[in-house]
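Scroll down for the structure; my scribbles are underneath it.
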Amino acid sequence: MQFKNKTIQKFWRFSTSFQMGIPIIASLMILIIWGTIVESQYDAKTAGKLVYQSWMMYTVMGLLIYNLTIVMVDRLPWKPNHYPFILVHIGIIALIYGGWVTQHYGLDGTLSVPIQKSNGMVMVQQTDFTIYATFNGEKYSKIYDQEVDFFKQNISENKPVQFNLDYGADPGSTSPPQDLKIIKYVPYARATQKIVKSQDPVAGSSVKFQLSNSNVQQIETLTQQNKNKTTETTLGLLTIYLGYNQKKLGRKNPHVNEVYLNAIDQQNLDYSLFNKNETAPYKKGQAKIGSVVPTVWMGLEIRIMDYVQLAKQDWQVVELGRPTAATTEAIQIVFNGKPEWLLLNDTVKVFTDKVAYIMAYHNRQIPLDFKLYLDQFEVSNYQGTRKAKEYASRVTVKSKDSDQAVTTQPISMNEPMKYAGYTFYQASFEKDEKTGLPVASIFSVNRDPGRWIKYLGSIIFSLGIIWLFYQRRKRRTAI
């Protein structure tokens, strides 16, 4: 094309020349190589945030589309020998556009379904920060819920993310709102747990004890989520419960040996020991830190090593340079001058004189229009080992509202299920830490609305390449 204005003509010539095209291709190759190195050194999520979803990649891809479009427009009016060239360019643009549609409108996450239960919420990589508030410790109101990406933010004590919490404040109150700050983000955190005292009046108890005899020595910690929640552990011959009132509710499982522990005050625990198939305890009493409770089960003794009546789980965080299987994301919050660590997919509770707040930093949950019910899960191990060789699920798709079964299909490692535009792959499974038996199946869920665009772009690109080779060969034959 020709323009009368020399500046426009010069810019147009540059846009259609190799002087623009070659640097774009070189930049794209450098970004791809960089992304591959980052992914090998860190993980796919880090590579996506630093490279593939960065402003640099978007700029290069935008310039590439601009260059391809200008080159096609420059050939107007098109002649028959231009058609294969045009097809190649349209195919590349369609591939880029299809990838953009997938990135912005697709779904790529995980779905965990317990055996004989259902779930319809897919967990994705995007993260949210949510704050709940309550006056009575039971009914919580959501006062803040926002998507966050701390990876791309420069968070520090000098540049914190700040919130002013004034939930339930009196209209005429002159007292300042409660101050909440996020002062640090750790992308690769190794966290170890410790039990500390809580100010929450509905907090549960925590007991650290040792179970031992001449052959066994095992240390366990039981911590209640709150005082109304029972926690338990099974250790060989017996099951130990913390927070279950067997005096009012009766034995939980009379067919096994049981130990019931319940908080009395800041110093003492109530304990009851039951033999299986008996209605009355053969031993009961009170214990405190340092107490030893003998049992009749193979000479086992229960030694109370630590006890906190109102307890909460706190974290000690060590920042690592690279991700491992044991790392997670963590943020450090400060509420009224007191620091707390909050891990990804965990919660922290803080208090004022009137209000309790719960902060949650979690992966976003995307609801499906249906639910998956896990009818059956099977796993086979390599011979002589506990390492899983193959595993498969049988699921029933149920209506979200009426709970009516729609279809039942198997999902295995080599046989995904396709339904309503989603593809469900058998990814892994969860095991019970004590028994080693599977308790839930984990599926990888994918929805790719840009797939047909990428397929169409691949077909158009391939046809253009074939046409170009045919056209070139025809010319050589003619010569």
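Side notes on the structure shown:
- Checking the Cα-Cα distances for K184/K431; K208/K431; K142/K288 against a 31 Å cut-off, the pairs over it are K184/K431; K142/K288.
- Farthest positive-ward along the chain dipole, Cα basis, beta-carbon charges - from Y361, P339, W55: W55
- Shown for S112, S214: other C-beta atoms within 10 Å of each C-beta, ranked fewest to most, produce the order S214, S112.
- Reachable lysines, given that their alpha-carbon falls under 21 Å from the alpha-carbon of K418 and they are not under 8 places away in the same chain: K117, K371, K398, K400, K454
- Per residue, the convex hull spanned by the alpha carbons of region 288-356 comes to 199 Å³.
- Listed by Cβ neighbour count within 10 Å, with the fewest neighbours leading, R394, R472 appear as R472, R394.
- Cα gyration tensor of the chain - equivalent ellipsoid semi-axes, whole Å, descending: 59, 30, 20
- Longest DSSP-loop-exposure-free segment, GluC sites (Glu not before Pro), the chain, at most 16 other Cβ within 10 Å: 279-432
- Least to most buried among H82, H104 (fewest other Cβ within 10 Å first): H104, H82
- Charge dipole (Cα centre; +1 on Lys/Arg Cβ, -1 on Asp/Glu Cβ; no other charges) of region 357-479 amounts to roughly 1180 debye.
- The Rg/Rh ratio for region 1-102 is 1.07, where Rg is the radius of gyration of the alpha carbons and Rh is the Kirkwood radius.
- Straight-distance candidates among the lysines for linking to K474, with alpha-carbon spacing under 23 Å and chain neighbours fewer than 8 residues away dropped: K79.
- Here the 3J(HN,Hα) profile of region 54-70, calculated from phi with Karplus coefficients 6.51, -1.76 and 1.60 at θ = phi - 60°, is 8, 5, 5, 5, 4, 5, 5, 5, x, 5, 5, 5, 4, 4, 5, 5, 4 Hz, Gly and Pro shown as x.
- Karplus-based coupling profile of region 94-106, in residue order and whole Hz: 5, 5, 5, 5, x, x, 5, 4, 4, 5, 8, 10, x, with θ = phi - 60° in 6.51 cos²θ - 1.76 cosθ + 1.60 and x standing for Gly or Pro.
- Angle of helix 6-15 to the longest C-alpha principal axis of the chain, folded into 0 to 90 degrees and rounded to 10: 60°.
- The alpha-carbon of K181 sits under 12 angstrom from the alpha-carbons of these aspartates and glutamates, leaving out residues fewer than 8 places away in its chain: E157, E340.
- A prolate overall shape is assigned to region 403-479, the ratio a/c of its alpha-carbon gyration tensor axes (a ≥ b ≥ c) being 1.5 or greater and a/b exceeding b/c.
- Quarter of Cα convex hull surface for region 206-308, i.e. mean projection, nm²: 5.9
Bear in mind that the values in this text are calculations on the coordinates, not laboratory data. Because the structure is a prediction, the values reported are computed rather than measured. Because the Cβ atoms are built from the backbone with ideal geometry, glycine has one as well, and the counts that use them run over all protein chains shown.
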